[in-house]
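Peer 1: First, the structure itself, so that you have it in front of you.
A short reminder: the numbers here are calculations on the coordinates, not readings from a lab. Quantities reported herein were computed from a predicted structural model and do not represent experimental measurements. So basically every Cβ, Gly included, is an ideal-geometry build from the backbone, and we count neighbours across all protein chains shown.
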Amino acid sequence: MNRYTRIVANTFILSLTSILFAQMTVSGTVTDASTGNALAGANVVVDGTGLGAAADADGGYTLSNVPNGATLTASMIGYTDASATAGSTVNFALTSSAIEMSGLEVLASRAGEKTPVAYTNVTKADMDVRLGSQDIPMALNTTPSVYATQQGGGAGDARINVRGFNQRNVAVMINGVPQNDMENGWVYWSNWDGVGDASHSIQMQRGLSAVNLATPSIGGTMNIITDPTAASKGGFVKQEVGAGSFLKTSINYNTGLIGGNLALSGTIVRKTGEGVIDKTWTDAWAYYFGASYQMNDANRFEVYAIGAPQRHGQNLYKQNLGAYDSKFAESVEGYDATALGDDGKFRDEGETNGVGFGRTFNQNWAPVSSSYTGQQYWYMYGARTMERHDPDYLNERENFFHKPLVNLNHYLTLNDQMRLSTVLYWSGGSGGGTGTYGKIPTLDADGALGDDDYKFYYGRSPWVRDWNTLINYNSGIADTVYVDKSALARTHGNGNNQSVGILRNSINRQSTI
């Protein structure tokens, strides 16, 4: 070996030795400084590199190929980070620290990646794809631990369950204002028909969340934001059509930021349709107006007005699966097949009294003579009546309501760590729903009427109301009539004929500040 070769070889050996000495394996533990308990899952990283490891169940960790003299940092949610210079053994004792969870507010300070709250954000683009013309909860149907359904198919009759809790235990907020009914905690989505078109985003927090209001958020919290400043200047006119003569027209315009501190947004929606499920028609308007003004770096004001006056037919009575689709019922394990067929308990084809059976069957309506001049319901405020949606039938269950919401939000930034949010709102409401009272003549699935010789529920299901017979009973002069083999004695005379049964309505009128 010549002298030049020996120099190169020696240089290579020295360089390799330097590289080997420049890297090391570091191990240690991460514990709680006050208790000494292991912090499983704590992160230990080598600053400025992609090296890192998570502490095991005993708090131990091991890192290989750590550069000599490198800085290691240990971190865990709820604790203050700690750093140390790399050595063969490096133990960390982390000090606990208080974490203020981000509350649900109108501004963008929602739960973030470091907040120990399970949440999902649904953007405007996501809503456009998932929601379409459905009720708002349907946009969350792909969210973990969330189940949303349109129930009977009536417009606005959807419901949502979060982690097994129904809407009474899920806080729903629109621009920081709680919307759960004060009486029973329920949320009626028909009151917020236009919110989906005006919404900028939705955050669904699952489980107990960082809400700074006394809301029933055991299951979770749903916060709907309609932020005018988030929309670019411009607008749109959108026309949607669908099954069941569905027609929806939306008009929207946004100013974008004016002068860097003012933004306005407005939406008007008109929706009509006869419904996919029989007689679940809808006749609705919706409106939205939002304004945001940044007065200075410390003060921001927002004004919102939203509402959705509407009427719609409902489908609230549950049926056995065999009454909708006997073939599907037969395929369900454990279903009693003797309940099906011509001699069974249920009928899923044909019709009775003009009401068709099958998947779109709805027990909450029945035909009535077009010569009948009775109204659908009486509205006590203003002493007025409302005409039937269609002169050829009556809905047993119809919902009608208008719940306007107006709120003024003020955000005051006191310093980098503190901000005061103040919300002044007025929530009105007027409307109700229809139902029956007394004895209502009813037909079984084969058309047999419950009278003095027959109880209709001896026959097959589903059952259908007979409005024309009820009208004859109520307007006749007979002293006794029979409904479902029950004798009903009536008083009559002087135009005061006693009714056997009636279609009634309840009215709710409210005003909350």
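Peer 1: So what's the gap between the Cα centers of the range 37-56 and the range 339-407, to the nearest angstrom?
Peer 2: If we compute the Cα centre of each part, the gap is 64 Å.
Peer 1: Roughly speaking, what is the stretch gain from residue 238 to residue 451, that is 0.36 nm per residue apart minus the C-alpha to C-alpha distance, in nm to one decimal?
Peer 2: 71.4 nm
Peer 1: Mind pulling the angle between the C-alpha long axis of helix 3-22 and the longest principal axis of the chain? Nearest 10 degrees, somewhere in 0 to 90.
Peer 2: For helix 3-22, the angle is close to 50 degrees.
Peer 1: Right, next: Tell me the trypsin sites (Lys or Arg not before Pro) within the range 310-346 that lie in a loop according to DSSP and have at most 14 other beta-carbon atoms within 10 Å. Mind showing how you got there, number by number?
Peer 2: Working: sites: 311, 318, 327, 345; in loops: 318, 345.
Listed in order of number, the matching sites are 318.
Peer 1: Each label point is 7 Å from the Cα along the Cα-to-Cβ direction; what then is the distance between the points at residue 336 and residue 491, in nm?
Peer 2: 4.5 nm
Peer 1: Further question: Would you work out the charge dipole size for the chain about its Cα centre, treating the Cβ of every Lys and Arg as +1 and the Cβ of every Asp and Glu as -1, and quote it to the nearest 20 debye? Intermediate results must be reported in sequence, preceding the final value.
Peer 2: Values: 36 positive and 46 negative charges, 239 e Å.
With only Lys, Arg, Asp and Glu charged at Cβ, the dipole is about 1140 debye.
Peer 1: With 20 Å as the limit, write out which pairs from 124/403; 124/279; 124/233; 238/271; 345/455; 248/279 have Cα-Cα distances beyond it, or answer none.
Peer 2: Correct reply: 124/403; 124/279.
Peer 1: So for the pair residue 343, residue 296, with labels modelled 7 Å out along Cα→Cβ, what separation do we get in nm?
Peer 2: Here the answer is 8.8 nm between the modelled labels.
Peer 1: If you count the DSSP beta bridges with both ends in the chain, what percent of them are antiparallel, to the nearest 5?
Peer 2: 95 percent
Peer 1: Still on this structure, I have one more. Which residue, chosen from 242, 228, 312, occupies the Cα position most advanced towards the positive end of the dipole of the chain, where the dipole is computed from +1 (Lys, Arg) and -1 (Asp, Glu) charges on Cβ about the Cα centre?
Peer 2: Comparing the listed Cα positions along the dipole, 228 ranks first.
Peer 1: Test of understanding: what is the full-extension gain from residue 408 to residue 436, defined as 0.36 nm times their sequence separation minus their Cα-Cα distance? Write down the numbers at each step before the final one.
Peer 2: On the way: separation 28, 0.36 × 28 = 10.08 nm, distance 4.10 nm.
Once the chain is fully extended between residue 408 and residue 436, it gains 6.0 nm.
Peer 1: Rounded if a/c is under 1.5, else prolate if a/b is larger than b/c, else oblate: which is the range 268-376, with a ≥ b ≥ c the root eigenvalues of its Cα gyration tensor?
Peer 2: Verdict is oblate for the range 268-376.
Peer 1: Run the numbers for residue 145 and residue 47: contour at 0.36 nm per residue of separation, minus the present Cα-Cα distance, in nm.
Peer 2: 31.6 nm
Peer 1: When only C-alpha pairs under 8 Å and at least 6 residues apart count, what is the relative contact order of the chain, in percent?
Peer 2: 8 percent
Peer 1: Something else now. Could you list 384, 504, 465 in order of exposure, starting from the residue whose Cβ has the fewest other Cβ atoms within 10 Å?
Peer 2: Ranked by crowding around the Cβ, least crowded first: 384, 504, 465.
Peer 1: Put +1 on the Cβ of each Lys and Arg and -1 on the Cβ of each Asp and Glu in the chain; which of 70, 189, 201 then has its Cα farthest toward the positive end of the dipole?
Peer 2: Value computed over the given set: 70.
Peer 1: In deg cm²/dmol, rounded to 500, what helix-only [θ] at 222 nm does the chain give when every DSSP H run of at least 4 residues adds -39500 (n - 2.57) and the total is split over its residues?
Peer 2: -2500 deg cm²/dmol
Peer 1: With an 8 Å Cα cut-off and a minimum separation of 6 or more residues, compute the relative contact order for the range 383-462 in percent.
Peer 2: Contact order relative to length: 24 percent.
Peer 1: Here are a few candidate values for mean projected area of the Cα convex hull in nm²: [x] 40.3; [y] 37.3; [z] 25.5. Which one was actually calculated from the structure I just gave you?
Peer 2: [x]
Peer 1: When a footprinting reagent is the concern and you count Cβ atoms within 10 Å, what order do 274, 302, 387, 396 take, fewest first?
Peer 2: Fewest to most other Cβ atoms nearby, the residues stand as 387, 274, 396, 302.
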